[in-house]
Each structure stands twice: as structure tokens, then as C-alpha cells.
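Below is one structure; the comments refer to it alone.
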């Protein structure tokens with residue numbers, strides 16, 4: 001992980017509570033969004049380094065919307081790992097590197113796989129949430145022109161699953 005990525009992650013973790021409108025004591029106290037080294041290399045070499053920030057912002061936005069109506073019983077922090085991600089349409093960097101790509105006609109099986117570890121104020125693992133969605137066929141993929149259209153669908157599904165997990169009553173052991 002580059003030092004710029006670490007700085008961005010630290011800033012995001014510090015800012016997330018401020019980004020949650022009307023943040024209450026029971027909402028996420030912070031979130032760290034990380035990409036494995038192999039994905040960081042893919043952004044650097046293929047997708048474009050700025051696209052990592054686009055996806056981080058989409059994750060923060062989806063979590064903000066999904067958690068806004070909840071009143072959680074205790075503060076929780078999240079460590080979110082983007083396990084895998086693929087664009088539906090070519091990114092700007094991909095089109096610049098390969099002029100034969102077309103932002104309207106070129107399409108791939110896009111999506112994302114994400115995992116979150118939710119921890120309480122004492123650092124104890126509360127739950128782990130995973131979600132994966134990749135378009136099964138080109139025809140089933142999002143028709144949107146956004147390069148990350150199917151990844152955004154995965155991110156929204158992940159945020160909803162995370163919200164359901166933190167609002168569910170704890171299970172007796």
C-alpha cells in the first residue's frame with residue numbers, strides 16, 4: 001500500500017463519522033476501505049489510479065445511505081476490504097491505452113466483492129459481512145454508461161447487507 005493510499009485511508013476513517021448526516025452514537029464510528037495489493041497494481045497498471053478514489057467514495061456514500069435510518073445500540077468501526085472489482089465499461093485510462101475501446105459499445109462482466117469486519121469500541125469482532133455481485137452475462141449487466149455500474153450495484157447490495165447485520169439483534173451463544 002502506498003503512503004498516499006494510507007493517508008487517504010486514514011483521512012477517510014477520520015471523516016466518515018462527519019459524513020454520516022446526523023451521526024448518532026450508535027452509528028459507525030469509522031470505516032477503513034482497503035484494496036489488496038494485487039488490485040492496487042491493477043488500478044496503477046490498467047484502470048487508472050484515480051478510479052480507486054471513485055470506488056472509495058461510492059462505498060462511503062452507499063454506507064451513509066444504508067446506515068442513516070438506523071439507531072445502533074453501540075458504536076462500531078468497519079474495516080472494509082474490496083476483495084475484487086471489475087469495470088462494466090472501460091475506464092478513461094483503459095480507453096487512453098487502447099483506442100479501439102469505445103465507452104458506449106465496449107462492455108465487460110463487471111462487479112465487485114467486498115468484505116467488512118465490524119468491531120466494537122474495545123476492538124472485539126462483532127460480525128463479518130461479505131457480498132459479491134458480478135453480472136452473469138453481458139446482457140444482464142447494467143446498461144449504464146458508468147465504468148463502475150455493476151460494481152456500484154455490488155456496493156449498494158453490500159451496504160444493505162451490512163446495515164441488516166448491524167441492525168439485527170445479537171444471537172445468543
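The number of residues in the range 126-171 that are in contact with a helix residue (DSSP H, G or I) (Cβ under 6 Å, 6 or more places away or on another chain), surrounded by 20 or more Cβ atoms within 10 Å (Cβ to Cβ) and within 12 Å of residue 62 (Cα to Cα) comes to 4. For the range 120-138, a residue qualifies if it is closer than 25 Å to residue 151 by Cα and in a strand (DSSP E or B), and the qualifying residues are 127, 128, 129, 130, 131, 132, 133, 134.
Pairs meeting the criteria (first residue in the range 39-68 and at positive phi and at pLDDT 95 or above, second residue buried (at least 17 other Cβ atoms within 10 Å of the Cβ) and part of a helix (DSSP H, G or I), beta carbons under 7 Å, at least 6 apart or on different chains) are 48/93.
For the range 89-120, the candidate set comprises residues that are farther than 21 Å from residue 32 by Cα and touching a strand residue (DSSP E or B) at 6+ places or on another chain (Cβ under 8 Å); within that set, the residue that is surrounded by the most Cβ atoms within 10 Å (Cβ to Cβ) is 110.
Taking the criterion of being at pLDDT 75 or above, in a loop (DSSP other than H, G, I, E, B) and more than 12 Å from the chain's Cα centre (by Cα), the only residue of the range 19-38 that qualifies is 36.
The set of residues in the range 133-147 that are touching a strand residue (DSSP E or B) at 6+ places or on another chain (Cβ under 8 Å) and touching a residue at least 40 places away in the same chain (Cβ under 8 Å) comprises 134, 135. The numbered conditions (1) at positive phi; (2) surrounded by fewer than 19 Cβ atoms within 10 Å (Cβ to Cβ); (3) in contact with a strand residue (DSSP E or B) (Cβ under 7 Å, 6 or more places away or on another chain) are all true for residue 123 except (3). Residue 73 meets the conditions (1) part of a loop (DSSP other than H, G, I, E, B); (2) at pLDDT 80 or above; (3) more than 16 Å from the chain's Cα centre (by Cα) in every case but one. The failed one is (2).
The values are calculated or read from the model by the stated rules, or taken from the named source; none is laboratory data. The structure displayed is predicted, hence computed values, not measured ones. Here Cβ is always computed from backbone atoms with ideal geometry, including for glycine, and neighbour counts include all displayed protein chains.
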